[in-house]
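A short worksheet on the structure shown next.
The values are calculated or read from the model by the stated rules, or taken from the named source; none is laboratory data. Just so you know, these numbers come straight off a predicted model, no measurement behind them. When we count neighbours, we look across all protein chains shown, and the Cβ atoms used for this are built from the backbone with ideal geometry, even at glycine. Remember, those area values only see protein heavy atoms, side chains included, never the ligands or the DNA or RNA. Shrake-Rupley method; radii C 1.70, N 1.55, O 1.52, S 1.80 Å.
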Amino acid sequence: MDIADGAPGLVATRNDPDTGPGGRVSQAFQLLELAERALVSAVIYERKRGSSWTEILSEEYEKLRRYDADTPDQPLRQFQCHQSDAGGDSRRTCAGWAGCHNAEHLLGLRLAVLDGRIDTTTYQAAVNYQSPVPLFTSGGEAADHGQKGIDAPVNEDRRKIHKITQTRQDLQ
C-alpha cells in the first residue's frame, strides 16, 4: 500500500471521542516520524541499487524550493543543517534556510516547537537570525545554485563534499 493512500486512516480527521485535545496533532507527528524513517530507508535503498549521490542530492535541493510557498503549503519539517549529523546530538536548524526566508512564516519551524524538537528560545533565535554573510534571497535561488554543476563538481566542491561527509557519519 502506498503511504499516501494509507495516511488518511492513520490520523483521525473526524470527531473521535477517544482522542483528546491535541491528539490528532500527536498522531500526525507520529506519521511524520514514520515518513522520516521511510526516507532514510529509501536513501539506503537508492544507494544500494546504484543511484548516485548526485541524483539523491538533486532531490534534496528541490526541497528548498517548496519552502518559498505560502506557509500552509510548505513542507512540515524544518530544514536541517548539512554540516551536522541528521540523527546526532549536534543536529540543528539550517541557518541559511532560516536566514533567507522570513523564519516567522516557516511552517516547519513552527511545528518543530509544537513537536518539542526545538524550544521557544531556539525558535526565536531562528526568527531573529541575521547572517554575517550574504544569503540567497529564496530557497529556489539556493536550489538553482546548488544544482548548477552538480554532475561535474569542481575541486572546491569536492573538498566541501569531503569535509561534510567526514563530519556527517550518517552520510557514509
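The heavy atoms of D119 offer some 80 square angstrom of accessible surface to a 1.4 angstrom probe. Taking all protein chains together, W53, W97 sort by accessible area into W53, W97, largest first [probe 1.4 Å].
Taking amide H as placed 1.01 Å from N in the peptide plane, I118 has its amide H under 5 Å from the amide H of V113, each at least 5 places away in sequence or on another chain.
First measure r as the distance between the Cβ atoms of R159 and E33, then evaluate 1/(1 + (r/R0)^6) with R0 = 30 Å and state the FRET efficiency to the nearest 0.05.
Working: r = 35 Å, r/R0 = 1.15.
In this case the efficiency is close to 0.30.
Ranked from the most accessible area to the least, with a 1.4 Å probe and all protein chains present, what is the order of K148, K48? Each step should come with its number before you reach the end.
On the way: K148 145, K48 170 Å².
Largest accessible area first, the residues go K48, K148.
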